[in-house]
Each structure stands twice: as C-alpha cells, then as structure tokens.
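The values are calculated or read from the model by the stated rules, or taken from the named source; none is laboratory data. Because the structure is a prediction, the values reported are computed rather than measured. Here the Cβ is made from the backbone with ideal geometry for all residues, glycine too, and neighbour counts use every protein chain on show. For the accessible areas, the whole protein counts, side chains as well, though only heavy atoms, and no ligand, DNA or RNA atoms are used. Shrake-Rupley method; radii C 1.70, N 1.55, O 1.52, S 1.80 Å.
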Amino acid sequence: MTELRNAEREIHSFRSRLLIASGFVLLCFAVLAGRFLLLQVVRHEDFHAQAEENRISIVPITPNRGLITDRNGIVLARNYAAFTLEVTPARVEHLDQTIEALSHIIEITPRDHRRFKKLLEESKSLESLPIRIRLTDEEVARFTVQRFRFPGVEIKARLFRQYPLGQTASHLIGYIGRISNKDQEDIDNTEDAENYRGTDYIGKVGLEESYEKELHGVTGFEKVEVSAGGRPVRTLSRTPPQPGNNLALSVDIKLQQIAEQAFGNRRGALVAVEPATGEVLAFVSMPTFDPNLFVDGIDSENWKLLNESPDKPLLNRPLRGTYPPGSTYKPFMALAALTTGKRAVNGTPIHDPGYFMFGNHKFRDSKPEGNGTVDLFKSIVVSSDTYYYMVANDLGVDAIHDFMRTWGFGETTGIDLRNEGTGTLPSSDWKLKRFKQKWIPGETISLGIGQGYNAFTPLQMAHAVATLANNGIEIKPHLVRDIEDARNNQHNAIAYDKSAPLPVKPEYIDFIKQAMVAVNKEGTAARVFTGAKYDVAGKTGTAQVVGIKQNEKYDEKKVAERHRDHSWFIAFAPAEAPKIAIAVIVENGGFGAQAAAPIVRQLLDYYLQGQVPNAPAAELKETEED
C-alpha cells in the first residue's frame, strides 16, 4: 500500500529548518558585525597604534657630548667616532662559543675579555655590549662578510669620549662610564628619563658628573618604516639631536701641569685660586690616574691596581681629603685673638722657653730651646708653638670654633663639584654629639697649632687664604667660568656674588699680611724665596701624623715614610695686590719649607713671571722648623 505524502507538513518542516538556518546565518553575521565594530570602531585607536608600532620604529639619536676646555681654549675632553663590535647577550644562545668564534675573525685580547665580563655583570639585560672597540676598516670588512654567522652580534658606529691630556687634571675633569643599573634607576626617577633613551654613557665623577645636564645635550629621534622582518625601509621623519653645551674652565692647564710635575712621585694636593674672582686656577690631587681607562669600562686588572693602591690615586684629595692644618692655622688664630680682644697688635710679648705647661702636662715647641721673647708679629714669622698654645688656652674651644667657621673651616666651600667634604672644626657641642663626652680643657691647647681634632680639606685652606688675600671678602671657588651653547655659540659667563666683608678690622688683616710677608723674607720660608722678584705672603706648616712620646724627640729618619709629618704651605702673591692664592700639602713631606713651599715657588715664578721649571721642585734638606 503506497503511503501518501503530507505536503503541508513537509512545507512546514522545511520552513522551520529554513528559519533556523536563516537565524543562524543572521547570528553569524551579527557576531561578525559586532566583531567588526569592536575592531574598527571601538578599538580602532589601539590597533592603529599597534600597527604603526609594527610598521614604524622610533630610533633615538644620541647627541654629541659637550667639550671641556681650559681658560685658554686648550681641549681637556672631546669626542671621536669609531666602530665597535658589540654583542647583545640576550640574543646569543652560546655566548662563550660565539666570542671564541669571533676571535678568529677579529683579535679579542684578554683585556677585552675582562672588560666585557665586567660590563656583563653591570649591564641591563637587553643592551648591547662592546667586545672590541676602535675597529680598523679591515676588521670591519672581515666581520661584515661573515655577519650571517653571528646573530646578536653587530658593528656600530659610536662616539667615544677622550681625554687628550691623559692623567693631567683627572680629578677635576672626571670621566664618563657606561650607565649601570643603579644609574638607570636614578635616571628613571627624574624628568630627564626620556632624554637618556639610547644613551649608554653618563658622567661618573668630577665635572663630567657635576655638569652632566649641560654636557649631555638633547636626544634626537628618527621615525623609520620597517619591514615585517624588522629591516628599515625608509626614514619617515627626523628630529635632530642638540649637542651638549661646552664648558670653559677657569683652570690654567699649564699651571696645572707644572704643579703636578712639581710633586714628582709624592702624594698630596694643591689648590690655586684667583682671590678677586674665586676662579680656581689649579686643582691638583696626587697621584692621579688616566680617565681614558674608564670610558670603555675599566678592566679588572687596572681597577684592582687603582682601587687597592696604598697611594689612593682615586681619592680626590683637595675635595675630600682631610688633614690637620698645622702651623698654617696660626695666622687665623692670630686674627681670632685680635678680633676677640685676647691679643693686641702692640701687645705685651711673652717669653717662649720651648714649652707650655698646662697642669702637669708639658706641651713642647717644635724648637726645643724656644724662641725667646715673642710678640704677635714674631709668633707668625718664627712660628712659635708656645705662643699659640697660650692663645688657644685664652680663647677656648668654642670661641675658636665660632671665629673659624666664618672663614669656611669645617664648612663646604660650595665649589661646583659634587661630594665635597666638610672636614672637622671641633667644638664642645661637636664632641658631645660625636663621642658622647664633654670637652676637656687640655684638648684646646693643641688646637692653637692646627693639631688635635682639627681636620680640613686643602680646598678649605685655599678658600680661607684667598679670602684673607681678598681682605676678608669671600667668593665661592668655582671651576667653570663660561658655558657655551653649542647651537648658537652664545657664551654665558657664570657670575658669582661676593659676600660682605667678614667682621674683622682691616688693620688686623693688614697686620697679618705683613707678618706673612716676613715669613718669606726672614722667617721659616726665607730660603725658599731667596731671589724672588715679587713679595709673597705665606705660612709654612707641619702637621703631625702620629703622636710621639712625651720625652721623645721627633726624628724623621727613624719614622716610617707614611708616618712622617705632612708638609703644608699657604701663600698669596704679589702681596700688595694678590693675583693668586695657593694651599699645598705634601703628604709625609716633613717641614712645610722642606717640600710644600718649593712647589709654590715654582708655580709663582711661572704664573707671575712666565718662568717654566725644568724639573720637579726640590726639597730643602735643612730648614728652620715650623
């Protein structure tokens, strides 16, 4: 029996299936439309930016670092271009094997290996590091041919910092070095973070650090269209970098070189200042070092030699080294006594028997037989210890502190270098805070001759003697006298304000100056300045390094070299119209006229008369004690 088809039911079923299929199709189109809306409308800006980032690469252009010159235009720090072979460790699977293979194409020395290892320890994970610098054209060509073998290795053209005078003035110029992780953290926390994109080097010490913002310049950028493989196709736009500003220093580099040569192999420091302006003419720390060693990353061998040397060549002695001032403190002690009324210009002389008794303790003079009858003028000329033991006892520690502080002792001078030391100017409050102990009156006595807790930097001493030469008018010492805008060559001279005269009577200052002139004519430094065609106001000083027993006489020959007294000399000249003020210390050099004063004589002969010495300053083996 043939089954009859229900056409009406089939049509209904078909229509149902068609409706479901149509709904599904419409739903699919709705999903696609929604997705299209999301991608093309809602998130259009996001995806457009991502597409642009994939298509366009922003490449930073490092600016040229500014130059540093001395007052006469002699270049102290400059830049030069060179090719480097660089490795990006994050893109190299087998680093040691890759470096070994590279060494068969380009010579890689053990020093290069050590430097690369040190940089690897300090570097950011994604940055490229130089394995060889200053490649020759032949070496560049040899690597280029086989570049396909070394993913993550490339040759780059870079600007390098160079210090053409090597070790000369390295402590004041400083050096640049690669940006460490700590440096990067500091940069990221400043508003200049964007300006350091693409920058690998930063000033580490000296003027390179202190004037980093001036020297660095403004980073430029290129918008480069790249292919899917990351290769550049064309440059879309370019914002050129702005070079860093140039620094013109107040330093006379010839004077600096003469001063460094005068030290020979001895340790010490020297600062020369123009009293009327505060301009630093020489800034010497001996021994010195070659800043070029640090530019590419110093290797471990050289770092160990510098860092572990007992001579401490990395210590900036004028800025941070502190020493007892010895007898160079006496002119300022005399000023304190005059200003406080404890002594008078024509006051009653004292008898100097060669010692001063305080209670049961005998404070000995450097001249055991004493200086006989001594007034204030003669006390400076012959450098009587006994006289200043008495002055210190009469003044008291706090009066000494309050007066000396106005002259900059125990305070930073404000020079345009970072990390300046303050030294130690003791007071009763200072000792209580430092040692939780009360001041003992007997401790005051040795302060009068620049011993005891006294400890000042050579920079502070130079600043004080420059202020004295300038009749009590204080000017902040500074190394940079002019900043040149590299874009328009406009010079911006740096002006430093003068202070009001210190509260010391002009006649007292004149009296002290006359006594200091007599020091070099008939006193402790007379032999050093024999034949000088100019008048010099000066003061010798000997600073004790280790104490000696009460009844024991100091014998330099029996003392280890590093335990011998320091040799000090402060001076300004010409005495009637000072053009230069100097403070110099020769560590373990003995009496002030023995080692320090001859160095000053060489500098003054050159600066005032143009005489260039042929040899380091000679020591005077026999001289009066100070």
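Determine the shape class of segment 290-381: with a ≥ b ≥ c the square roots of the Cα gyration tensor eigenvalues, call it rounded for a/c under 1.5, and otherwise prolate if a/b is greater than b/c, oblate otherwise. In terms of gyration-tensor shape, prolate. With a Förster radius of 60 Å applied to the beta-carbon distance between E121 and H361, the computed FRET efficiency rounds to 0.60. Beta bridges assigned by DSSP with both partners in the chain are antiparallel in approximately 95 percent of cases. The portion of the accessible surface of the chain made up by carbon and sulfur, rounded to a whole percent, is 52 (1.4 Å probe; DNA, RNA and ligands excluded). In the complete set of protein chains, residue-level accessible area for H113 is approximately 80 Å², probe 1.4 angstrom. In the full protein context, the chain carries 49 Å² of accessible surface per residue, based on a 1.4 Å probe and ignoring ligands, DNA and RNA. Taking the Cα centre of the chain as reference, the dipole from Cβ charges on Lys and Arg (+1) and Asp and Glu (-1) amounts to some 600 debye. For segment 481-523, the square roots a ≥ b ≥ c of the C-alpha gyration tensor eigenvalues yield an a/c of 1.5 or more together with a/b not exceeding b/c, which makes the shape oblate. The order of T88, T406 by accessible area, most exposed first and with a 1.4 Å probe, is T406, T88. Stretching S499 away from L37 to a fully extended chain increases their span by 159.1 nm, per 0.36 nm per residue minus the current alpha-carbon distance. Simple spin-label estimate for V612 and E194 gives 5.1 nm between the two label positions (7 Å along the Cα-to-Cβ direction from each Cα). For segment 144-149, putting each phi into the Karplus relation 6.51 cos²θ - 1.76 cosθ + 1.60 with θ = phi - 60° gives couplings of 4, 4, 10, 4, 4, 7 Hz, in residue order, rounded to whole numbers and with x for Gly and Pro.
Projecting the Cα positions of L270, N64, A336 onto the charge dipole of the chain (unit charges on Cβ atoms of Lys, Arg, Asp and Glu, taken about the Cα centre) puts N64 furthest along the positive direction. The long axis of helix 506-521 is offset from the longest Cα principal axis of the chain by roughly 80 degrees. Using a probe of 1.4 Å, the accessible surface attributed to E561 totals some 80 Å² when neighbouring protein chains are kept in position. When the pairs K312/K533; K118/K213; K431/K513 are compared against a 29 Å limit on Cα-Cα distance, K312/K533; K431/K513 fall above it. Near the amide H of V545, within less than 5 Å, lie the amide hydrogens of D565, H566, all on another chain or at least 5 residues away, with H placed in the peptide plane. The calculated FRET efficiency for N492 paired with D394, based on their beta-carbon distance and R0 = 60 Å, is about 0.75. In the chain, the calculated helix contribution to ellipticity at 222 nm averages -10000 deg cm²/dmol per residue, counting -39,500 (n - 2.57) for every DSSP H run with n ≥ 4. Helix 44-55 and the long axis of the chain differ in direction by around 70°, with both axes built from C-alpha atoms. In order along segment 69-79, the Karplus-derived 3J(HN,Hα) couplings, from 6.51 cos²θ - 1.76 cosθ + 1.60 at θ = phi - 60°, round to 10, 7, 5, 9, x, 6, 6, 10, 8, 9, 10 Hz, and Gly and Pro are given as x. Full extension of the chain between N181 and L27 yields a length gain of 49.9 nm, computed as 0.36 nm times the residue separation minus the alpha carbon distance. Between R91 and R158, the modelled label-to-label distance comes to 1.5 nm, taking each label 7 Å out from Cα in the direction of the beta carbon.
Length available on full extension from D482 to K312: 0.36 nm per residue minus the Cα-Cα distance, which gives 58.0 nm.
Between T340 and D510, the modelled label-to-label distance comes to 2.6 nm, taking each label 7 Å out from Cα in the direction of the beta carbon. Within segment 383-484, the trypsin sites (Lys or Arg not before Pro) that combine a DSSP coil assignment with at most 10 other C-beta atoms in a 10 angstrom radius are K436, K438.
A cut-off of 5 Å between modelled amide H atoms, ignoring neighbours fewer than 5 places along the same chain, links R481 with A248, L249, S250. Axis of helix 458-469 versus longest Cα principal axis of the chain: the two differ by about 60°, to the nearest ten degrees. Using the Cβ-Cβ distance between N72 and H351 with R0 = 35 Å, the FRET efficiency computed as 1/(1 + (r/R0)^6) comes to roughly 0.05. Computed over neighbours whose Cβ is under 12 Å from that of D352, the net charge equals -1, Lys and Arg +1, Asp and Glu -1. 3J(HN,Hα) along segment 101-111, derived from phi through the Karplus expression 6.51 cos²θ - 1.76 cosθ + 1.60 where θ = phi - 60°, amounts to 5, 5, 5, 7, 9, 10, 4, 10, 7, x, 5 Hz, with x in place of Gly and Pro. Which option, (i) 171; (ii) 278; (iii) 158, is the value of volume of the Cα convex hull per residue in Å³ that was calculated from these coordinates? It is the value labelled (ii). When a/c reaches 1.5 or more, the comparison of a/b and b/c decides; with that in mind, is segment 312-362 rounded, prolate or oblate per its Cα gyration tensor? Here segment 312-362 falls in the oblate category.
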